[in-house]
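Let me begin by presenting the structure, written as structure tokens, before commenting on it.
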Amino acid sequence: MTRARFQNASRAAAAVIALLAIGLLTVPTGARAGGPASIDSAGTASDRGVPQRLAGRLADSPVEGIAGLAASARGAGDRRGLGLPSYVTLLGRSWQRQAARADRRFAAALSAAPSGPARPGTAVAQRSPVVDLDKLVARDTLRGPAGRQTRELKLATSLSGGCPQLNGLGAGYGWSGIGRATYVVTTTERVGRFDLITSVVFDGSFRTSPEMLPSATASSFSSADSGEISVTRNQVAVDRRSGKRRQVGETERFNSSLDPFYGPDSSFNNFIASQEDGAPAPARRLTSGAWSEATLAFMAVPYDALRSKVLEAERLARTPNACVTVEVEAPTHLAPGQSIDLAGVARPVQAGTASAAVRLAGAVHGTWINPQGQSAVPASSIERVRAGGPWYSFTAPAQRWQEPVGIELELLSGAGIARTPVTFKPEESHLHFEVLDASIETHTTASRPSYYCGEVGGRQTFSGRFAPQPFSPDDQLILDGGTVSGGVEAIVDAEWHDHLVFGCRSGDPGSEPCEATMPNRTPSGDGSWPVVLSFAPAADPSELTVLWRMEDPEVGFVDAGDAECNAYVWGYFPEEERRRTIPRAALQAGGPVTLILAGSGHLDLHAGYEPASIDHQWECKVTLRRVDAVGQPLG
């Protein structure tokens, strides 16, 4: 098969797999529900896309796979076709027991193989592991009355981490894998006065790109992206009397690329035709079937080794929240019968950033949490989920419930499986607050034309710091059905300062220019000032409106005379500047929350009708904490 045909075959196989990966959304109707064709029962990597030629050779580790390799050169006919002496000739009548025991020990020598990819979040899991070719080695020697046999297997496989990774095109998740193995079998048999040494060397390597389907199952590792295999066979005769060595015939060589299913892309006809065994070698004609069988059995070993890593990586990715997590923004409380949309943002554990996991979603499932009459409607299609739309429209029970109720969302994606519970407490009708802190600060610069002075104006700052007060049951948020009301009043110790004015004083025959610094002032009485906010409904039922009392911009005094340079400028902002919208959940949570009204603006009118230039900056802060009806902290 040419390289172009090889690539086209791989793409065609991938396209068929992609067409079969149909995403589903399921509506929870009980403790758990799938759908008409739920992928909850999807197979694992071990039963999909396996080429027929490897189907009988598969194992969960290279340790088990060696059994097939040993079996390919055990029977007398197989060994004759490989140009090797039979075991009975080499080892005697007890060859079966010796061979079986040797095969078990040979496989056990690879028992130190890595157990699989590291867990996410570790340094090993975040890099591509590279395995030294000499790290996994098995060697043994069999001796009999007529000779001996030595075997050496070296094996290395590498998978690019444990969790699936987004590919370079951003079109899917998966891994990159490589496999390499060498297998050397050397037999030494006595033929007359000679020791005939026959050496066979298998050397194979491949690269493959396993992928994780949107259904969170591994695929495509059963086909190689590229690969090569070589086989050499050589015979040497050693005269036991003189110790001289001589080549027996020419070395047979076979080189081939691998087809997509790990088999040689060429036949062994030329390899067999090149056989030149001569005396003292016994007449054993090589056969194509024996070499093809041995080659496939050999390549099954590194295939199984990589396959075991992919299976382990798949198990890791299918462990909920091991490779990908889901965050869902939702309020902590809902009113009876209130409906909200729930959408998740998937984040790979290793990368820690938002990714295409939702866009590549294969399914979204829901499981009830403490069912008490809640309901949910899934998105109309998986495409809407992939586009970032809501996963479910959730409706709280119609009547007030006793315990948190909700839904557990499960995402199946190419990045893995993620689960997250989303629960809601019943909204309380009266929420009381303790004021923990408050402040206010405004700064005004203003001027306007004056028929008497020509121009008057100045600047002024007003600021206040928190003055703690006893708990007041009037500081509350009232949620009664669809209505929202209530408010909070915080007290600050306030002062007007940095108050400079300019204008004119009366004189004879006319006015005289004037500038003055006004003394600092505090509010009448004890110098305290209320920072007031009230609550009102918002267009979105999951939110509410905070309406603040806002101090108007002002410089000078309405009754200013010569001492104040006859300066006065005043304006006001529309009510929209005093409104802020916040989530209800911000006040329903138990921890402290800080509400802020901050901004700046420009006005062109004095008193709403005369030309002026007024610049105003403001910031009001109030920090609240929920308490019970008598002011005690919750919980």
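If you go through segment 471-526 and pick out every residue that is closer than 30 Å to PRO336 by Cβ, hydrophobic (A, V, I, L, M, F, W, C) and in a strand (DSSP E or B), you end up with 5. From the residues in segment 577-623 that are of a type in the set (Gly, Ala, Ser) and in contact with a Lys or Arg (Cβ under 6 Å, 6 or more places away or on another chain), which one is modelled with the highest pLDDT? The extreme case among them is ALA612. Of the conditions (1) surrounded by 19 or more Cβ atoms within 10 Å (Cβ to Cβ); (2) more than 17 Å from the chain's Cα centre (by Cα); (3) not charged (D, E, K, R), GLN350 clears all except one; give me its number. Only one criterion is unmet by GLN350, namely (2).
Inclusion of ARG505 among residues that are basic (Lys, Arg), over 46 Å from the mean Cα position of the chain (by Cα) and either in the same structural domain as ALA171 (by TED's automatic domain parsing) or at negative phi (or both) is warranted. Within segment 147-206, the set of residues being within 18 Å of ASP239 (Cβ to Cβ), in contact with a Ser or Thr (Cβ under 8 Å, 6 or more places away or on another chain), in contact (Cβ under 8 Å) with a residue 60 or more places away in the chain and aliphatic (A, V, I, L, M) comprises just one member, LEU196. Across segment 205-225, the number of residues qualifying as outside any loop (DSSP other than H, G, I, E, B) and within 13 Å of ARG180 (Cβ to Cβ) comes to 4. Which of the residues spanning segment 395-433 are among the acidic types (Asp, Glu) and more than 21 Å from the chain's Cα centre (by Cα)? Correct list: GLU403, GLU427, GLU428. So for segment 251-263 (the condition being part of a loop (DSSP other than H, G, I, E, B), modelled with pLDDT of 90 or more and touching a strand residue (DSSP E or B) at 6+ places or on another chain (Cβ under 8 Å)), does at least one residue qualify? Checking segment 251-263: at least one residue is part of a loop (DSSP other than H, G, I, E, B), modelled with pLDDT of 90 or more and touching a strand residue (DSSP E or B) at 6+ places or on another chain (Cβ under 8 Å). When segment 527-579 is filtered for residues that are without any contact (Cβ under 8 Å) to a residue 60 or more places away in the chain, farther than 17 Å from LEU597 by Cα and touching a helix residue (DSSP H, G or I) at 6+ places or on another chain (Cβ under 8 Å), only PHE557 remains.
Just one of THR208, THR217, THR232, THR198 is polar (S, T, N, Q), more than 23 Å from ALA146 (Cβ to Cβ) and more than 44 Å from the chain's Cα centre (by Cα); which is it?
Step by step, each of THR208, THR217, THR232, THR198 is checked, and only THR232 is polar (S, T, N, Q), more than 23 Å from ALA146 (Cβ to Cβ) and more than 44 Å from the chain's Cα centre (by Cα).
The conditions are (1) over 30 Å from GLN98 (Cβ atoms); (2) more than 21 Å from the chain's Cα centre (by Cα), and GLY144 fails exactly one of them. Which is it? Status for GLY144: all satisfied but (1).
Determine whether segment 61-75 contains at least one residue that is at pLDDT 85 or above and closer than 22 Å to ASP277 by Cα. Outline the logic, then answer.
Kept after step one, since they are at pLDDT 85 or above, are these residues of segment 61-75: 75.
Adding the requirement that they be closer than 22 Å to ASP277 by Cα leaves 75.
Checking segment 61-75: at least one residue is at pLDDT 85 or above and closer than 22 Å to ASP277 by Cα.
Those residues that are of a type in the set (Asp, Glu) and buried (at least 24 other Cβ atoms within 10 Å of the Cβ), I need them from segment 212-236; list them, please. Before the answer, list the steps.
First pass over segment 212-236, keeping only residues of a type in the set (Asp, Glu): 225, 228.
Matches in segment 212-236: none.
Would you call VAL349 closer than 24 Å to GLY161 by Cα, out of contact with any Leu (no Cβ under 9 Å at 6 or more places or on another chain) and not assigned by TED's automatic domain parsing to the domain that holds TRP175? So VAL349 passes the test.
The values are calculated or read from the model by the stated rules, or taken from the named source; none is laboratory data. Note that the coordinates shown come from a computational prediction; the quantities given were computed from them, not determined experimentally. No Cβ is skipped: glycine too gets one built from the backbone with ideal geometry, and neighbour counts run over all protein chains shown.
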